[in-house]
1. Can you show me the helix-derived [θ] at 222 nm for the chain, built from DSSP H runs with n ≥ 4 at -39,500 (n - 2.57) apiece and divided by the number of residues, rounded to the nearest 500.
2. Name the long-range amide H neighbours of F903: under 5 Å, sequence gap of 5 or more, or other chain; modelled H, no Pro or chain starts.
3. Note down the magnitude of the dipole of the chain about its Cα centre, charges +1 on Lys and Arg C-beta and -1 on Asp and Glu C-beta and zero elsewhere, to the nearest 20 debye.
4. If I require 27 Å or longer along the helix axis, counting alpha carbons, and a Kyte-Doolittle average no lower than -1.0, what helices from the chain are left? Use full DSSP H segments.
5. Divide the volume of the convex hull of the Cα atoms of region 475-559 by its number of residues and quote the answer in cubic angstrom per residue.
6. Just going by the charge dipole of the chain, with Lys and Arg at +1 and Asp and Glu at -1 on Cβ, which of P797, T912, I876 is farthest out on the positive end?
7. Could you check the spin-label model distance between D70 and S503? Points 7 Å from the Cα along Cα→Cβ, value in nm.
8. Using the number of other C-beta atoms within 10 angstrom as an exposure proxy, rank Y521, Y374, Y262 with the fewest first.
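What follows draws every value from the coordinates through simple rules; no lab data is involved. What you are looking at is a predicted structure, and each value in this text was computed from that prediction instead of being measured. Here Cβ is always computed from backbone atoms with ideal geometry, including for glycine, and neighbour counts include all displayed protein chains.
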Amino acid sequence: MKRLLTVAFLLSIFLSVQVQAERPEGEKKKQEGLQKVAEDEAIQVDFISINNCLMWIRTDGMTAHNPQTDGSGFEWPKNTAQNVIFTDGIIWGGLVESEIRVGGATYRYGLQNGKILPSGEAADIDDPRYRLYKIRKVDTVAYNNNLTVEEQDRLRRDFTEWPVEDGAPWVDNNGNGVYEPNFEDWLERGDSTTTDTPWFVGDEVIWFVSNDLNGTRTNNLYGTAPIGLELHTMVWGYDQTGPLGNIVFTKYTVINKSSFTYNDAYFSKWSDPDLGDAFDDYVGIDTLLSLGYVYNGLAKDEIYKVPPAAGYDFFQGPIVPTETNDTVAIFNFGLKEGHKNLPVSTFAFYINGDGVYTDPSLGRTFGATMMYNYQRGLLWNGTPYIDPSTGETTNITLAGDPLAPSNQRGWVDGILHAPGDRRFLMTAGPFTLSPTDTQEVVVATIVGLGADRLSSINVLKFYDEFAQFAFDNNFDLPQAPPSPNVLVSAQDEEITLTWGDPSQVNFIENFEDKGFKFQGYNIYQFPRASARIDEAVRIATFDIEDGRGTIFDTKIDPSSGIPVQLPVQFGTDSGIDHLITITSDAITDKPLVNNQPYYFAVTSYSWNPDDEAFPKQLESTPQIITVRPKLPDPGVRYGVPYNDRILPRHEAGASTGIIDIIAVDPERLNGDTYEITFQSLGDTVSFYNEDLDDANFIEDTLTLDNAGAWTLKNLTKNTTVINRVENLDGLEKDFFVVDGFAIGVNGQGFYQQFTDTTRKADEYFVSNEILQRRWFGGPEVYEPGVGTLNVRYEWLPGYWSVRLGGTENVFGSAIKGYNTTKSVELVMDRDELSKGYCYERERAGEYYFKGYFETPLRVFDVSDSLNPKQLSFAWIEPRGEDEPTNDEVWAPSADDKDRDFLFIIDEPYSETPKAEYTDPDFNFGEEAENMPILYFGAYKLRTQNLEQRYPWQDGDGWKIIPNVAFTTQDRYTFTTLEPTKIESNIVSDVDNINVFPNPYLGANDQELNKYQRFVTFSHLPTDTRVNFRVFTLSGTLVRSFAADEVTNGTDMDGTQWANWDLQNDNGLPVGSGIYIIHIDMPDLGTEKVLKLGVVQERQFLDRI
């Protein structure tokens, strides 16, 4: 067997050598790789990846080529290892005197990093200033939380050292002509900073300078000498979903710093597109859009399956003078009179391995002639292209429409050749580049995906409309609001996402740009970390309560590729929230499973109410996070369990407002002490109506101090966490999440009898003076009745009793609404009776004393919870022996007419009634307005409780909390409890260690390809050594490894998980069978033994 394998292996090498020797030079790039860079050459490498695209860039002119794999380098979607372009670049060709000179970058690079000095010499390529400068829009929160330390240092350095002296564009905010940046001020204030900044033409920008003065490189490219051209390259993208999320823009600025005049010059955007699989592509151009593109020649692609289309919009060509000044050219993001931009003049293509459409020869002078002929719209040998659909010559090839009927398509790829490995170049010229002249080319690289290969072309063209819109508006585009920084709390079969950092959400939710205003948040679950947003499931939308709801916009229909008006945002006027708890998998519609990875993102979106706006909405790019629900790490015990309340202490003040604090991430609780105080927003006016009558609704005007702002301080660290927030809606909405807890303040900053939401348009009155009416104990057995004047007779301030029935000047209270400040509890108990005043209705408005009767009810003032005080109460009963509630006991029936009205009197309870209230002439209906009645209510039995006289359980009752406003005197404190980790608990938790999937049946749902095989161990102790030894049943050691090793591309160091890649110590897959796994924890003096079943699929060792 070994001999047969050896023979086969040698034969494969022999055949490979023979085939490679016969391939044309253009195809060798796939076998030999692109031009290698000497180790001593200072080449900088990076990529732009702000949206759905990832494009590699190098300072020697290489773009869209991955230097790590020496393979395709325009990844779409990013993080999928799927690519649409092998490499691309800018090419110039022209005459120096009569000599053809071609430069730029294709498979080799005729450039080096650095500018050309005034002396005409190239700058030192080892000078660190000649590097890739990469900047990205972030705020302080995103900078601190979303960037690594290295990324933070890089952004700060590149921002501060932005090479304005070398030509990098910048904004002179202070107007003194000198670049004086302040990085911290920009982080804090963003675009409103008054200090200088780089010019953020997009949300992420890369800029670098290079030159062609390396003769070895230009000769290695196409066998010609340097010219003396300096190239400034700027690449940028936008942090958005939708069309702009699939586009990368590039601006090339070429300066002739030589003494040569470059005649009959052309600039080309050259590309070798490999749309997934390299050998099944077609290319073409839409001349109306100046859009050169690649699409799949077959229905399915080996890599993409359903293939996208990709292309380049050649927006801006070189400028040439005109005879009059009434023409204007676009130049340097501005206008230049008396000039015009040259459009795309030629579109040429050639094919890997083809004898007619041949690759230009690299490293040979003749290769320059071949490329220059292609730039002029000719074949490599100078003969013209012949359009097979007309038989005529053309310099713009493949300009037909592959979507048109077959008899109307014109020249489309595929008429002459089968799908294959194409290259093409879009060219503008000719023009003259004299010494000191500057010329520009601006292009966009675009990717679109439809339902099939042809509809993808339509999607591509639709996206190109947005690219053209950006160019036409000088890239002064509205921005989407940024995505929030999301924190994750992983619990037992449950995940909580929070994004309540105060400074960030205030910025996002007040975001406005060019008519677009923040509208809401979307929460998505993705099937994998690299999935596109159109593959995700939207699990929630939290949007502003403004009646907007669903938003329609122009969107591409994927099946036809035709733009249509479709709903794109699905708001429901739910209100803004900053927390979501997830217990089920939206992809599979099953409960979450511990230790399995799930993928989520939270985006923010904005909306433009202008009917002419294009587009109508903008959404930020999803930042996908991976989270695994889990039990607490071994040995960890939470100080406050997940979702438990943290109770504050009311240190000072009399407000009844509620401070809601919930532990949403027990692992982040830090044990610190916090303080909540209130600040004045100045005087405000509030209105008060004692009689609640419509004729004179406003009787009193109150001038009050509005203490409607609150601040949260960390007393332990002496820092302000939340500063002067004006949200007083508690945890229902507009709350914040900090340090592992959610906090919201529920109440008001000044007394308000009514608010816009409490006095309804239909005159359905609801008091704003009660903060809570809460039933406690068993099931609630009563419900409020509704009076003839549209008042719900739930617990209300005493003066509201003037709305009882339709009789004027009846009931009321001596206590003003704004003086109703006491919290009360009503407790019902058959064994704990108290006495109350009972008044009997004689006629409308007349209620006379009937007796001081015992009833199973007690009332307490609980404003001081440690010192409750029992209060007096009264109720009224209907007259007549046949009335069911005329029973000398407070016991309402289910009939509105028979309910017992109950009044709580702000006087100490006594076993002896007050003589004044028992006088036979005392008319409670008239005298109530002189009594200190705190609250009243009129409740009736729920229908399901009709057969029971006392349907409640002993100890049931109500708590009534008035809405006493906060003042600047109110002060609250609380302390969180951080989790603990004890070694004895770690040892006991070792029993929970497990492995999954078990058995392993040929695959794992989390594996991305056939080369990635693994099982995962869970609930491993962290911060201690964990070693694995895998044995067969016969005792043979198969594999040994440590938990902190990186396996399958996943670094799980420091977590409770570790992977085994199902390989032995020789790196080969293990066979099917039962394996015994010893998990040793020497620092803890313990071990765990597991059994694992493995059933492997048939193995094909194609990587030896």
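1. Estimated from H runs of four or more residues: -3000 deg cm²/dmol.
2. A874, W875
3. Its charge dipole is roughly 4660 debye.
4. 2-22
5. In region 475-559, the Cα hull volume divided by residue count equals 173 Å³.
6. Farthest towards the positive end: P797.
7. Spacing of the two 7 Å Cα→Cβ label points: 4.7 nm.
8. Y262, Y521, Y374
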